[in-house]
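Have a look at the structure below before the remarks.
Laboratory data are not the source of any read-out in this text; all were calculated from the coordinates shown. In this text the structure is predicted, and so the values were computed from the model without any measurement. Glycine gets a Cβ as well: all are built from the backbone with ideal geometry, and neighbour counts include every protein chain shown.
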Amino acid sequence: MTQLDRNRQDGSAGKWVADKIAKHDNVASVTILAPNKIHVRRKKWDDVTIAAMSAHRVDAGLVQSLLSNAGDIDFVVNIPKAAYVLGNTYELAAERNFAFGGFGDLLSALNSESPRTYVNSEFSFVLRSLRQHSKVWRVTRLDDRRLLVERNSLDSVVVLVLNDYELTADHVRNGIERYGKFQAIVCSNPNSRVTTAASLAADESHIRIFNWKEFLQQLNREWTWKK
Amino acid sequence: MEEVSLTLRELAKLLAAKAPTAEWYLFGSVVRRVPLPSDIDVVIVYSNISDAHELREGLRSYSESVPLHLLLLRHDEENELQFVRDQRAIRIFPEEVSKR
């Protein structure tokens, strides 16, 4: 079994996606062109070509291998919701002019005039908001949830951005296990609730938890913990 | 919803030996019978850290085939949040025995 095969168990991903999106309000017809390639005729706006995959760990090389010989693709959809996606995947998507996301992202993109330029609304808000901050000079997406924030005349910080309504001890522990180094967890969801156990788990690991407003304020200061 | 419940119940039975006190619930768009759900929302209430690890690993293969949104709540967190009640989550395992 090759490395690619181990990382991408997606033989039936195309059929699963095709069956589901056939029920989408803006989809007129769906054609499976290859096991991982789907053509969609939409009721409103132009046709869309989708590449489907199922991988728990995604990087640019893996997506490139999916796209080789696939022709022109508008959207690459990866089924596992908790997949770890390396930042170079998003760079490749920007370079090659396609969108990358999960199944929920695909459903939203099918409702947009240009699915190629679709950006998840949560991360679009996060990136735009940070790039407008006076202390921030560059933001780099390290992976699907971590950002490197480089600041004017202050040290850079790495944060894990979570959007869940409930921030639990498991989010903290699993975040550390999956993503490794970061200095704070930032809740981008304004309605997020942090459990007592989550706060304790974060304290034990010397990680701070901020809501979005607190995070923007903290960016003006030196971070003296977990360096 | 019935098909999803059946599959998850089978998985819960298989994983019961590894996480014996885990309670599995479905919530969100599948329970609300949204015509095209973007994911399958599952909350599992567990006891120990090791349970959470076993449950996540046990669901790894299933999560390759569907967009599974897994929320793992320790019993004390569920008591604090009352998530199951607030979300009107439906218990799928252990099955509730009806009283006569």
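Counting only other chain Cβ atoms within 10 Å of each residue's Cβ, the peptide A:20-32 averages 1.
Rounded to the nearest 5, the antiparallel percentage of DSSP beta bridges internal to region A:3-119 is 55%.
Dipole magnitude of region A:122-218 about its Cα centre, charges +1 at Lys/Arg Cβ and -1 at Asp/Glu Cβ only, in debye to the nearest 20? Write out the running numbers ahead of the final one.
Values: 14 positive and 12 negative charges, 91 e Å.
Dipole magnitude for region A:122-218 comes out near 440 debye.
As a ratio to 2.2 N^0.38 Å, the alpha-carbon radius of gyration for region A:122-218 is 1.02. For A:ILE209, nonlocal amide neighbours, meaning residues 5 or more places apart or on other chains whose placed amide H falls under 5 Å from its own, are A:ILE185. Taking the helices alone, chain B has a mean residue ellipticity at 222 nm of -10500 deg cm²/dmol, built from -39,500 (n - 2.57) per DSSP H run of at least 4 residues and averaged over all its residues. What the phi angles of region B:7-20 give under the Karplus curve with 6.51, -1.76 and 1.60, with θ = phi - 60°, is a coupling list of 4, 5, 5, 4, 5, 4, 4, 5, 8, 5, 5, 8, 9, x Hz, glycine and proline written as x. At a Förster radius of 56 Å, what calculated FRET efficiency corresponds to the Cβ-Cβ distance of A:ALA22 and B:HIS75, to the nearest 0.05? In this case the efficiency is close to 0.85.
The modelled label-to-label distance for the pair A:GLU222/A:PHE210, using points 7 Å beyond Cα in the direction of Cβ, is 1.6 nm.
Is there a simple number for the mean count of other chain Cβ atoms within 10 Å of the Cβ of residues in A:45-58, and what is it?
Other-chain Cβ atoms within 10 Å of each residue's Cβ, averaged: 1.
The C-alpha atoms of chain A define a longest principal axis, and helix A:87-96 lies at about 40 degrees to it. Farthest toward the dipole's positive end in chain A, which of A:ALA60, A:ALA184, A:PHE75, given Cβ charges of +1 (Lys, Arg) and -1 (Asp, Glu) about the Cα centre? Most positive-ward Cα: A:ALA184. Largest GNM mean-square fluctuation among A:ASP203, A:ASP144, A:ASP164, using chain A with Cα springs under 10 Å: A:ASP203.
Ratio of Rg to Rh for chain A: 1.01 [Cα atoms; Kirkwood radius as inverse mean 1/r over pairs]. Which of A:LYS23/A:LYS44; A:LYS23/B:LYS13; A:LYS181/B:LYS18; A:LYS20/B:LYS18; A:LYS20/A:LYS81 have a Cα-Cα distance over 24 Å? Exceeds cut-off: A:LYS23/B:LYS13; A:LYS181/B:LYS18; A:LYS20/B:LYS18. Backbone amide hydrogens, once placed in the peptide plane, bring A:VAL27 within less than 5 Å of A:LYS43, excluding anything fewer than 5 places away on its chain. Summary of the geometry: region A:58-137 and region B:7-32, compared by the centres of their Cα atoms, lie 31 Å apart. Subtracting the Cα-Cα distance of B:SER61 and B:GLU3 from their residue separation scaled by 0.36 nm leaves 19.2 nm. Roughly speaking, what is the centre-to-centre gap between region A:180-227 and region A:151-170 when only Cα atoms are used, to the nearest Å? Taking the Cα centre of each part, region A:180-227 and region A:151-170 sit 6 Å apart. Using +1 at the Cβ of each Lys and Arg and -1 at the Cβ of each Asp and Glu in chain A, identify which of A:ILE209, A:LEU86, A:ASN220 lies farthest towards the dipole's positive end. After comparing all options, I get A:ASN220.
Residues whose amide H falls under 5 Å from that of A:VAL76, counting only those 5 or more places apart or on a different chain, are A:ALA51, A:ALA99, A:PHE100, A:GLY101, with hydrogens built in the peptide plane. Rounded to the nearest 20, the size of the Cβ-charge dipole of region A:56-139 about its Cα centre is 380 debye, with Lys and Arg at +1 and Asp and Glu at -1. Among B:TYR46, B:HIS75, B:THR7, pick out the residue whose Cα is farthest towards the positive end of the charge dipole of chain B, where Lys and Arg carry +1 and Asp and Glu carry -1 on C-beta, about the Cα centre. My answer, from the dipole projection, is B:THR7.
How large is log10 I(q)/I(0) at q = 0.15, 0.23 Å⁻¹ when the Debye formula is applied to the Cα atoms of chain B, each weighted equally and without solvent? Debye curve over Cα of chain B, log10 I(q)/I(0) at q = 0.15, 0.23 Å⁻¹: -0.57, -1.36. Charges only on Cβ, +1 for Lys and Arg, -1 for Asp and Glu: so what's the dipole of chain B about the Cα centre, in debye to the nearest 20? My answer is approximately 340 debye.
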